[in-house]
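For reference, the structure is listed below as C-alpha cells.
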Amino acid sequence: MKGTYDVIEDAPYFRAVERAASEVSRLFNFKEIRTPLFEASELFHRSVGETTDIVSKETYDFTDRGGRRVTLRPEGTAGVVRAYIENKLHADPRVPGKYYYLGTMYRYDRPQKGRTREFRQFGVESFGTKSPAVDAETLAAAHTFFRALKLQDALTLHINTLGGRESKANYAAALRAHLEPHVETLCADCQRRYQDNPLRILDCKIDGDSEAVQNAPRTLDHLAADDRKNFEEVLSHLDALQIDYVVDHALVRGLDYYTHTVYEFKVDAALLGSQNAIGGGGRYDELVETLGGPPTPATGFGIGLERLIHVLKQRGFTPREGHVHLYLLAIGEEARRRTFTLAHELRLGGLVVETDLLGRSVKAQFKQSEHHQAAFVGILGETELAAGTINLKDQATQEEQTLKQSELLKTIKTRLNGRSKAPDCSDCTEKGSQK
Ligand code: HAM
C-alpha cells in the first residue's frame, strides 16, 4: 500500500530506539501506557482540532459494523488523555502522572522522504501540574533519549510559547488583522481558517511559506505578563540542565490543543530534507477538561521513529544486534553432530551462534560464516573432537588458537566485552567499531 512499508532490515534499528526509549522512560519514571489503535473519530476532532490538516485531510476514518465513526489514531496524545480520564488516573496521588508510549500512528499524507502514512512514535505525557519544571523535565527526557543515541549535536531544540487562553486569543486577533489584506490570496482552506482558527494558516503546507505568513506577528508580542514569566522559567530550568535551545517565535505547531510552551526538535535539512522535525510537543493545559475530565494541566512530546532512524543511519550508527558472535564449522559427520549440540549450549550461555544444518562442504561453511559476518569461527575436526577442543579463529585479528570446548563461552565473551566501546546506548554502536 502506498505510504506503508515492511520493516525487515530496519527491525534491529527499531528495537534499538525502542529499547533506548523504554530505558530513558524508566530513568524518568514514566509508566508505559498502551492505548487502542483506533478511537471514536470525535476524540480527534475535539482534541487535535477540526481545522488542522491532520483532522481535516489526513485521518483514516471508517464506519464500523455497529455504525460508529472510527479513526485510526493520527497521534498519541488524544488517546492517552481519553485513557487518563476513563481510567480515573487523575485520582492517583502521584503527581505529575507520567506515561510513555511507543506505537503506530496513521496519517493520510502525501508520502515523501520522512513522511509515510503509517509511522511510529515514542511519546511521553505528564499530567497534573502547570509547573514549568515539568516542561523542563519532559524536555530533559527527550534530551537524554537523543543523547543515548548520540544524536544530541545533530538536533536543535526550537522552543516558543503560545501563552494561555487570553494570550492565544490576543494573538489570533493580531494575526487576523495582519492577514486581512491578504485573505483573497490564501488557499480555500486558509480562507476558512482565517475565520475559524487563523493560527492554522501558519503551518499550512500551501500558504505557510507565503510572504504574508512569513511576516506574520510573533506570539511573544501578545503574551500576558504571567505567560511570559512562565516561559522564562521553563528556559531558566533548561539553562540549569544545560540543554541548548533556540527561541523561535514563529513556531506554533500544527495541533490545536497546545497552550504555553511548544517546541520541536529539528535536524539539518541536509539530513532529512524538508521533513526536518524529528519530534515535537508542548503544553496542553485545557485538553483534559475539554474531553470531559477534571481541569488538569499537562505537557508532553512525540518523536517520529522513522525520521529518527533515518538520521541515525546517516550518522553511521548500526544497531548492535543482528551480528553473529560465532559460526561453528564442522569437518565430518561426527563433528557436525557435536557442533549441533555445542551451538545449543553456547546459545544458552548467551552467544549468538550459527552452525551448518544443511550438510554443506567445508568451503561452503566458510562462505556462510562470511555472509553472517561472524566475529569468530570455531572449527571442529576429528582431532579436536577426540581431544574435546576446538580451533577458534578471530575474524578481526585473524589469530587462531586451540582451546577446550568448555572454555569457549568464557573466552569469546571476554574477548567481545574487551572490544565494546562502552556505548551510552546498550544497543547501538558506531559503524566501524567492533562488537
Ligand atoms: P507531531 O508533531 O504531529 O506531534 O508528530 C510528532 C512527530 O511524529 C513528528 O515530529 C515526526 O517526527 C513524526 N511524524 C508525524 N507525521 C509523520 C509522518 N506522516 N511520517 C513519519 N513521521 C511522522 C504529535 O503527534 C503530538 N501528539 C506530540 C505531543 C505529545 N504533544 C504533546 N504530547
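Odds and ends about this structure:
- Options VAL213, VAL246, VAL234; residue that is away from the ligand (no atom under 14 Å from the Cβ), open to solvent by 20 Å² or more (accessible area, probe 1.4 Å) and β-branched (Val, Ile, Thr): VAL246
- Qualifying positions in region 38-95 - open to solvent by 70 Å² or more (accessible area, probe 1.4 Å) and within 13 Å of the ligand (Cβ to nearest atom): LYS57
- Comparison of TYR108, TYR100, TYR84 shows that the only residue that is among the hydroxyl-bearing types (Ser, Thr, Tyr), assigned to a helix (DSSP H, G or I) and at pLDDT 95 or above is TYR84.
- Taking region 181-197 as the range and being over 21 Å from LEU251 (Cα atoms) and among the acidic types (Asp, Glu) as the test, only GLU184 passes.
- Any chance ALA335 is open to solvent by less than 10 Å² (accessible area, probe 1.4 Å) and either without any contact (Cβ under 8 Å) to a residue 40 or more places away in the chain or farther than 25 Å from PHE30 by Cβ (or both): yes
- Of residues in region 249-296 being under 15 Å from HIS310 (Cα atoms) and assigned to a helix (DSSP H, G or I), the one farthest from the ligand (Cβ to nearest atom): ALA270
- Selection of region 114-129 for residues being outside any strand (DSSP E or B) and polar (S, T, N, Q) yields THR116, THR129.
- Residue count for region 84-110 satisfying the condition of being within 15 Å of SER41 (Cα to Cα) and aliphatic (A, V, I, L, M): 1.
- Residues of region 294-316 satisfying the condition of being open to solvent by less than 10 Å² (accessible area, probe 1.4 Å) and either of a type outside the set (S, T, N, Q) or farther than 23 Å from VAL234 by Cβ (or both): ALA298, GLY300, PHE301, ILE303, LEU305, LEU308, ILE309, VAL311, LEU312
- Cβ-Cβ distances below 6 Å connect the following pairs, each with a first residue in region 272-289 that is closer than 15 Å to ASP203 by Cα and open to solvent by 10 Å² or more (accessible area, probe 1.4 Å), a second residue that is more than 6 Å from the ligand (Cβ to nearest atom) and assigned to a helix (DSSP H, G or I), and a separation of six or more residues or different chains: ASN276/ALA269.
Yes or no, residue by residue, for (1) open to solvent by less than 30 Å² (accessible area, probe 1.4 Å); (2) closer than 25 Å to GLY76 by Cα; (3) within 14 Å of the ligand (Cβ to nearest atom); (4) in contact with a strand residue (DSSP E or B) (Cβ under 8 Å, 6 or more places away or on another chain):
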residue: ARG115; (1), (2), (3), (4): yes, yes, yes, no
residue: VAL124; (1), (2), (3), (4): yes, yes, yes, yes
residue: LEU139; (1), (2), (3), (4): yes, yes, yes, yes
residue: THR144; (1), (2), (3), (4): no, yes, no, no
residue: GLU166; (1), (2), (3), (4): no, no, no, no
residue: HIS182; (1), (2), (3), (4): no, no, no, no
residue: CYS187; (1), (2), (3), (4): yes, no, no, no
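- When the residues of region 189-202 are filtered to those that are within 24 Å of SER47 (Cβ to Cβ) and surrounded by fewer than 18 Cβ atoms within 10 Å (Cβ to Cβ), the one that is nearest to the chain's Cα centre (by Cα) is ASN197.
- Residues of region 130-164 satisfying the condition of being assigned to a loop (DSSP other than H, G, I, E, B) and closer than 18 Å to LEU27 by Cβ: LEU149, LYS150, LEU151
The values are calculated or read from the model by the stated rules, or taken from the named source; none is laboratory data. Small disclaimer: the values here were computed from a predicted structure and weren't measured. Counting neighbours? That spans all protein chains shown, and the Cβs are built from the backbone with ideal geometry, glycine included. Please note that ligands, DNA and RNA were not included when accessible areas were found on the heavy atoms of the full protein model with its side chains. Shrake-Rupley method; radii C 1.70, N 1.55, O 1.52, S 1.80 Å.
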